[in-house]
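All remarks here apply to the structure that follows.
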Protein chains: 2
Amino acid sequence: MELLTIGEVSRRAGVAPSALRYYEQQGLVAATRTAGGARRYQRSVLRRLAFVRAAQNVGLSLGEIRAALATLPDERPPTARDWARLSAGWRDRLDEQIRALTQLRDGLDSCIGCGCLSLDRCALSNPGDLAARDGAGARWLSPLLRRVPQ
Amino acid sequence: MELLTIGEVSRRAGVAPSALRYYEQQGLVAATRTAGGARRYQRSVLRRLAFVRAAQNVGLSLGEIRAALATLPDERPPTARDWARLSAGWRDRLDEQIRALTQLRDGLDSCIGCGCLSLDRCALSNPGDLAARDGAGARWLSPLLRRVPQ
DNA sequence: GTCTTGGCTCAAGTCCACTTGAGGTCAAGA
DNA sequence: TCTTGACCTCAAGTGGACTTGAGCCAAGAC
């Protein structure tokens, strides 16, 4: 089984070597070592890194990503179905982000006309009206939209 | 002209006193002082803070917000039209964010089926034209959607 | 034999938008 | 007079995801 150096993985995955070392420290990827101490990666690390990147794009933290990766089976290589299971929940997350952004934009459209920027009424400064109708919804909100007035 | 204490502004704007002091240090808001050194704010600071919050929700950094506020006229109080001018450009920004997220979601839809997560082909890990066209430290998502927008 | 390239570790730094803590001042009320 | 509460400054801390720097090692090319 052909192994990859950190430089090769870095180039092929588009992830800096320092980031790869950091991911290893965080328990997201693993590597064996040569006699001299250099990291050697299996090819499968590339798919794992693709997953990490996709999950980051959806807005997951590295901690959440580590937790998701931990549910992969140890005894066999992950299948397409395994990866699909992990990413199935992301759709709701994205839908919610899109919905919140769309409402913010529509609020902007009505606010541009009035220029009010009222602390109480303006949808732009108060996306809380739209988003944080508490419960599960708000948790998935884009960090951009989480700045809700107290 | 009635002036507001930092506590009053904090309660009415929903912004912590420490944040108000920080904003002053960053040149976003101004305050006069009493003989004893306590801050006194004009009522207009409330609208300014509403603007700051709205701009943050759209994804602007404090630096960008400061630049925008600097274009307000000194010689007269800002009108509704002034505020509307400042926020007019935000619509494009929101449209771009929505477009990027929608593309990501649609990529997810096709990826859930195949579970491929290929580094080369997967729309999820490569939201294509949104990706790293700006140099160092670039993640794979539009800068507008980064968790910490610059 | 030495030069270059690529790798290693560990600690510290970076960015942003704040918050926290220590230590002190000021004004009003009991 | 004492106490309380609100306020002040300045320095340092926070969190997430890395990057940077210093100092060192190992293998291949010449």
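All of the numbers you see were taken from the coordinates with simple rules; none came from a lab. Being a predicted model, the structure only gives us computed values, none of them experimental. When we count neighbours, we look across all protein chains shown, and the Cβ atoms used for this are built from the backbone with ideal geometry, even at glycine.
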Per the filter on the range A:75-90, residues surrounded by fewer than 16 Cβ atoms within 10 Å (Cβ to Cβ) and under 15 Å from B:ARG105 (Cα atoms) are A:ALA88, A:GLY89
When B:ALA38 is run through (1) within 16 Å of DNA strand C (Cβ to nearest atom); (2) more than 9 Å from chain A (Cβ to nearest Cβ); (3) surrounded by 17 or more Cβ atoms within 10 Å (Cβ to Cβ); (4) aliphatic (A, V, I, L, M), the failure sits at (3)
The residue that is farthest from A:THR71 (Cα to Cα), considering only those in the range A:5-49 that are of a type in the set (S, T, N, Q) and within 9 Å of DNA strand D (Cβ to nearest atom), is A:THR34
A:LEU46 passes all but one of the listed conditions (1) within 16 Å of DNA strand C (Cβ to nearest atom); (2) buried (at least 19 other Cβ atoms within 10 Å of the Cβ); (3) more than 9 Å from chain B (Cβ to nearest Cβ); the exception is number (3)
Subset of the range A:50-75, residues away from chain B (no Cβ under 11 Å) and away from DNA strand D (no atom under 13 Å from the Cβ), comes to A:LEU69, A:ALA70, A:THR71, A:LEU72, A:PRO73, A:ASP74, A:GLU75
Note on the range B:65-104: residues acidic (Asp, Glu) and either in contact (Cβ under 8 Å) with a residue 12 or more places away in the chain or closer than 20 Å to A:LEU94 by Cα (or both) are B:ASP92, B:ASP95, B:GLU96
Could you tell me whether A:LEU4 is within 14 Å of chain B (Cβ to nearest Cβ), over 30 Å from B:ALA80 (Cβ atoms) and surrounded by 15 or more Cβ atoms within 10 Å (Cβ to Cβ)?
yes
